[in-house]
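The numbers here are math on the coordinates, done by the rules we state, and not lab data. It should be emphasised that the depicted structure is a prediction, and the values quoted were computed from it without experimental measurement. A quick note on method: Cβ atoms are made from the backbone with ideal geometry, for glycine too, and the neighbour counts reach across all protein chains shown.
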Amino acid sequence: MVSAGASVTDLLIDLGAETQIVGIDATSQLNNKDVPNIGYHRQLSVEGVLSLSPTLLLGSEEMGPKPVLTKLNNAGVKVVALPSAPTVAALKQRITQVANLTDKQSKAAPLLRAVDGKLTQLKRRAPASTQQGVFLLVHQGRPASIAGTSTTPNTLIELIGATNPAANTVTSYKPLSPEALLGFNPDFILVMQRSLDQLGGLTGLANAVPLLENTQAFQQNKILAIDGSVLVGGLSLKSLDEALRVQSQLIELSQ
């Protein structure tokens, strides 16, 4: 099969089905296995996928373009788009569905228990006083956007035990004005590690996001980097691990 989407590939690994993978997309990583890369999961090509002779293309609802998926299906490749809603319910549904597709049903129950265990940890360690946090999507040369409802970053913020003030007015991602950022004035700000690296660290981030230095998050050193791969294709177990890691950071910074 070809796996298109980091969360899908991670789930295949968690189920012990990585030996069935003959190709991955640019957001995915396979440990100790060198397989061809078919490019970005939203911009697949018919030729790139068919060159690997897969019987199954497995991805999230984010993969495309749709005409390419239709042509692949017509060429005899089974195309399965898993639900990518950033919810725990959708994650559990994906675990069961992928276990059935890969004949790894015996591995599904332990993974579902692992999900519940991580959720219990997150709830138990949630701070007594609720903090406010936002996620900024920042690319070099482009205005920053903020994540609202129906996004994986918003779910991560909630899992940490915090609230996202942008969720009251923003659905999906929306360009962020400096005035809006100051209005939110969050306790902490999440950004992708890759963005920080590309911009040259916090100084570059501050140059790219006007008035960032005036927020309490910046002034209290609560700009936290997260692994961008956990944001692709909905929640994964790795997303929950990242939520636990960020939660630990916030606990340490608040002491």
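A few notes on this one:
- Distances between placed amide hydrogens fall under 5 Å for Thr149 paired with Val170, Thr171, Ser172, all partners being 5 or more residues away or on another chain.
- In degrees, nearest ten, helix 237-254 long axis to first principal axis of the chain (Cα): 10
- Candidate lysines for bridging to Lys238, where Cα separation is under 16 Å - those fewer than 8 sequence places away on the same chain excluded: Lys92, Lys118
- Förster-model FRET efficiency, 22 Å R0, Val80 and Asp227, C-beta, rounded to 0.05: 0.30
- The distance linking the range 155-174 with the range 39-71 is 31 Å (Cα centroid to Cα centroid, whole angstrom).
- Label point distance in nm, Asn37-Ala114, each placed 7 Å from Cα along Cα→Cβ: 2.5
- Taking 7 Å steps out from each Cα toward its Cβ at Arg124 and Asn168 produces label points 3.3 nm apart.
- Length added when fully stretched, Leu30-Gln255, from 0.36 nm per residue minus Cα-Cα: 77.3 nm
- Gain on full extension, evaluated as 0.36 nm per residue between Ser53 and Ser177 minus their Cα-Cα distance, stands at 39.9 nm.
- Exposure proxy order (Cβ contacts within 10 Å, fewest to most) of Tyr173, Tyr40: Tyr40, Tyr173
- With Cα atoms as the point set, the radius of gyration and Dmax of the range 2-122 evaluate to 14.3, 46 Å.
- Cα shape, the range 133-254, gyration tensor, a/c 1.5 rule: rounded
- Shown in residue order for the range 78-95 are the 3J(HN,Hα) couplings computed by the Karplus curve 6.51 cos²θ - 1.76 cosθ + 1.60 at θ = phi - 60°: 6, 10, 10, 9, 6, x, 10, 4, x, 10, 5, 4, 5, 4, 5, 5, 5, 4 Hz (x for Gly and Pro).
- Computed packing ranks the peptides 209-218, 132-141 as 132-141, 209-218, most packed first, by mean other Cβ atoms within 10 Å.
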